[in-house]
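Undergrad: Right, I'll just put the structure down here and ask away after.
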Amino acid sequence: MTFISLDLGGTKLAGALWNDSGEIIHREIDYLNGKGGDDVGELITAQLSCIMEKADSIPKAIGVSVPGIAYSDDGSVWAPNIPGWERYPLKSEIATLCDNDSTIVSVESDRTCYILGETWHGAAAGASDAIYLAVGTGIGAGIIADGRILHGASDIAGSVGWMALNRPFLDRYKACGCFETYASGDGIAKTAHLLLEENGRKTSLLDEFSPDELTAHEVFEAFDRNDWLAVKTLDICIEFWGMATANLISIFNPEVIVFGGGVFGPAVRFLDRIASQAAQWAQPISMTQVRLAASALGDDSGLIGAGRLAFESAGIVLPE
């Protein structure tokens, strides 16, 4: 008996074939190279066909992680970073490719798969109340409460980039929310740009880059040089990450919050400072019970979480 997991991101597609012992026995990776719409669908079905050829049996189940919203009513997907994926019929396309009634196809958001992976084989292993805070280009959270994934009424639960963490409301929050505006990967660069406009001081960041060319990567590098703009920018981000963490702790009383995504990475060094910030705001008993941890699975969180999704959708008891 075999299982397949697929992890679709904004730039690449990873796939894995699993045996019934919960071990990956084959991997594939393809790059989107700017593709959108049906071209991405064709890439997925091509990779899936390749993986199925490696299997010694018809897959029992296929789990898919997608970078956006997976609608539970029909398995369609909204993926903001993939052109033409406003309500893409991904589940039905995969089911058509399988052409049998025995393969179960399940599609979930990437943030859901991240926390499924980390609570199976990662930094939150065994936890029944855990959160994965994904900070990359945007910000989202996968949430398990009382052992169950939270989806919300319209499968949008976990859109924590929209947390209101500052006042008054500003027009720039309309595009992606307050929290994401300041402390996502894109937000780090925007925050640095705003501070530069307000202060007008010299910064080593402008020795090689114009203000419009700044990215989070350059800000982290300049932080290591003790550049004032990078230090101030990341001080602000740490404050926002701490406030958001406090809110998640107070609302959900989790055992573990796992920090991942491209920003954590380099921001893992700030976990102690984020915990100190959170402790000022969070419900105090919940704060003493929670553990903050960096992702143990890194880029594999989504792929492993989609694997767990495949096993669980087939009613298989997972090996620990």
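The values are calculated or read from the model by the stated rules, or taken from the named source; none is laboratory data. Because the structure is predicted, anything quoted here is derived from the model rather than measured. All Cβ positions, even for glycine, are placed from backbone atoms using ideal geometry, and neighbour counts span all protein chains on display. Only protein heavy atoms, including side chains, enter the accessible area calculation; ligands, DNA and RNA are left aside. Shrake-Rupley method; radii C 1.70, N 1.55, O 1.52, S 1.80 Å.
Undergrad: Of the candidates Leu17, Leu97, Leu116, which one comes out as most mobile in a Gaussian network treatment of the chain with C-alpha springs shorter than 10 Å?
TA: Result for the chain, Cα springs under 10 Å: Leu97 fluctuates most.
Undergrad: Using the basic label-point model (7 angstrom from Cα toward the beta carbon), what is the Glu42 to Glu198 distance in nanometres?
TA: 4.9 nm
Undergrad: P(r) for the chain: what percent of alpha-carbon pairs falls in each 20 Å bin, starting at zero?
TA: 32, 54, 13, 0
Undergrad: Rounded to the nearest 0.05, what FRET efficiency do Cys50 and Asn81 have when you use their Cβ-Cβ distance and R0 = 25 Å? Please report the intermediate quantities before stating the final value.
TA: On the way: r = 24 Å, r/R0 = 0.96.
The calculated FRET efficiency here is 0.55.
Undergrad: Report the per residue volume, in Å³, of the convex hull enclosing the C-alpha atoms of the stretch 109-181. Mind dumping the intermediate values first?
TA: On the way: hull volume 7.2 nm³, N = 73.
Considering the Cα atoms of the stretch 109-181, their hull volume per residue is 99 Å³.
Undergrad: Separate question: What is the distance in Å between the Cα centres of the stretch 194-254 and the stretch 44-104?
TA: After rounding, the separation between the Cα centres reads 38 Å.
Undergrad: Here's a follow-up. Across the stretch 73-89, in residue order, what do the Karplus-derived ³J(HN,Hα) couplings come to in whole Hz, using 6.51 cos²θ - 1.76 cosθ + 1.60 with θ = phi - 60° and x for Gly and Pro?
TA: Running phi through 6.51 cos²θ - 1.76 cosθ + 1.60 with θ = phi - 60° gives 6, 9, x, 7, 9, 10, 10, x, 8, 10, x, x, 10, 7, 8, 6, x Hz.
Undergrad: The stretch 1-56: Rg/Rh from Cα coordinates, Kirkwood Rh? Write out the running numbers ahead of the final one.
TA: Working: Rg = 11.7 Å, Rh = 11.6 Å.
Radius of gyration relative to Kirkwood radius: 1.01.
Undergrad: Whole number in Å², please: accessible area per residue of the stretch 82-189, 1.4 Å probe, ligands, DNA and RNA not counted. The partial results should precede the final answer.
TA: Values: 4610 Å² over 108 residues.
Accessible area per residue: 43 Å².
Undergrad: Turning to a different aspect of this structure: Could you work out, for the stretch 190-320, what percent of all Cα-Cα pairs fall into each 10 Å distance bin, beginning at 0 Å and stopping at the bin that holds the largest distance?
TA: Values per bin, smallest distances first: 11, 31, 28, 20, 7, 2, 0.
Undergrad: So which GluC sites (Glu not before Pro) in the stretch 81-157 end up in coil per DSSP with only 15 or fewer other C-beta atoms within 10 Å?
TA: Values: sites: Glu86, Glu93, Glu108, Glu118; in loops: Glu86.
Qualifying residues, ordered by number: Glu86.
Undergrad: Here's a follow-up. Taking loop as defined by DSSP and a crowding limit of 12 other beta carbons within 10 Å, which GluC sites (Glu not before Pro) in the stretch 188-271 fit? Mind showing how you got there, number by number?
TA: On the way: sites: Glu197, Glu198, Glu208, Glu213, Glu218, Glu221, Glu239, Glu255; in loops: Glu208, Glu255.
Listed in order of number, the matching sites are Glu208.
Undergrad: If amide H atoms are built 1.01 Å from N in the plane of the peptide, which residues on other chains or at least 5 residues away come under 5 Å of the amide H of His26?
TA: Distant-sequence amide H within range of His26: Leu17.
Undergrad: Can you pull out the chymotrypsin sites (Phe, Trp or Tyr not before Pro) in the stretch 123-191 that DSSP calls coil and that have at most 10 other Cβ atoms within 10 Å?
TA: On the way: sites: Tyr132, Trp162, Phe169, Tyr173, Phe179, Tyr182; in loops: Phe169.
The qualifying sites are Phe169.
Undergrad: Which of these, Thr181, Thr112, Thr11, has the largest mean-square fluctuation under a Gaussian network model of the chain (Cα springs below 10 Å)?
TA: Comparing Thr181, Thr112, Thr11 in the GNM, the peak value goes to Thr11.
Undergrad: Modelled label-to-label distance, Arg291 and Val231, 7 Å Cα→beta-carbon offset: nm?
TA: Using points 7 Å along Cα→Cβ, the separation is 3.4 nm.
Undergrad: Please work out how much length the chain gains when fully extended from Leu318 to Ile156, using 0.36 nm per residue of separation minus the C-alpha to C-alpha distance, in nm with one decimal.
TA: Numbers: separation 162, 0.36 × 162 = 58.32 nm, distance 2.69 nm.
My answer for the length gained is 55.6 nm.
Undergrad: Now, a different point. Could you look at the stretch 105-178 and say what percent of its accessible area is carbon and sulfur, using a 1.4 Å probe and all protein chains?
TA: Values: 1540 of 3100 Å².
C and S fraction of accessible area: 50 percent.
Undergrad: Beyond 28 Å between alpha-carbons counts as too far, so tell me which of Lys12/Lys232; Lys12/Lys91; Lys91/Lys190; Lys12/Lys60 fall in that bin. Can you show the working numbers first?
TA: Working: Lys12/Lys232 33 Å; Lys12/Lys91 19 Å; Lys91/Lys190 36 Å; Lys12/Lys60 25 Å.
Result: Lys12/Lys232; Lys91/Lys190 exceed 28 Å.
Undergrad: Here is a further query. Could you work out the helix-only [θ] at 222 nm for the chain, with each DSSP H run of four or more residues adding -39,500 (n - 2.57) and the total divided by the number of residues, to the nearest 500 deg cm²/dmol?
TA: Working: 10 runs with 124 residues, N = 320.
Estimated from H runs of four or more residues: -12000 deg cm²/dmol.
Undergrad: Still on this structure, please answer the following. Return the inverse of the average 1/r over all pairs of distinct C-alpha atoms in the stretch 1-111, which is the Kirkwood hydrodynamic radius, in Å to one decimal.
TA: Details: mean 1/r = 0.0722 Å⁻¹.
After inverting the mean inverse Cα-Cα distance, the result is 13.8 Å.
Undergrad: Please list, in order along the stretch 122-134, the HN-Hα scalar couplings obtained from phi with the Karplus expression 6.51 cos²θ - 1.76 cosθ + 1.60 (θ = phi - 60°), rounded to whole Hz, x for Gly and Pro.
TA: Result, rounded to whole Hz: x, 6, 10, 3, x, 6, 9, 9, 8, 10, 10, 9, 9.
Undergrad: Probe 1.4 Å, all protein chains in place: accessible area of Thr96 in Å², nearest 10?
TA: Answer for Thr96: close to 100 Å² accessible.
Undergrad: Now for a separate question. Using a basic spin-label model with each label point 7 Å from the Cα along Cα→Cβ, how many nm lie between Glu213 and Tyr31?
TA: Rounded to a tenth, the inter-label distance reads 2.2 nm.
Undergrad: Still on this structure, please answer the following. Would you mind finding the longest exposed-site-free stretch of the chain, with exposed trypsin sites (Lys or Arg not before Pro) meaning DSSP loop and at most 16 other Cβ atoms within 10 Å? Could the numbers behind the result be given before it?
TA: Details: sites that count: Arg87, Lys174, Arg201, Lys202, Arg225.
Maximal segment without exposed cleavage sites: 226-320.
Undergrad: Further question: In whole Hz and in residue order, list the ³J(HN,Hα) couplings for the stretch 292-302 that follow from phi through the Karplus curve 6.51 cos²θ - 1.76 cosθ + 1.60, θ = phi - 60°; x for Gly and Pro.
TA: Once rounded to whole Hz, the list reads 9, 9, 7, 3, 8, 9, x, 5, 8, 4, x.
Undergrad: Check Gly261: other-chain or 5+ apart residues with amide H under 5 Å from its amide H, H built from backbone geometry?
TA: Val135
Undergrad: Compute a Gaussian network model of the chain, connecting alpha carbons closer than 10 Å, and tell me which residue from Gly142, Gly152, Gly36 fluctuates the most.
TA: Gly152
Undergrad: Which three semi-axes in whole Å describe the equivalent ellipsoid of the stretch 79-120, each the square root of 5 times a Cα gyration tensor eigenvalue, listed largest first? It would help to have the intermediate numbers written out before the result.
TA: Numbers: eigenvalues 92, 71, 6 Å².
So the equivalent ellipsoid measures 21, 19, 5 Å along its semi-axes.
Undergrad: Where does each of His193, His217, His121 land when they are ordered by accessible area, with a 1.4 Å probe and the largest first? Show your work: numbers first, answer last.
TA: Working: His193 50, His217 115, His121 80 Å².
Highest to lowest solvent-accessible surface, that is His217, His121, His193.
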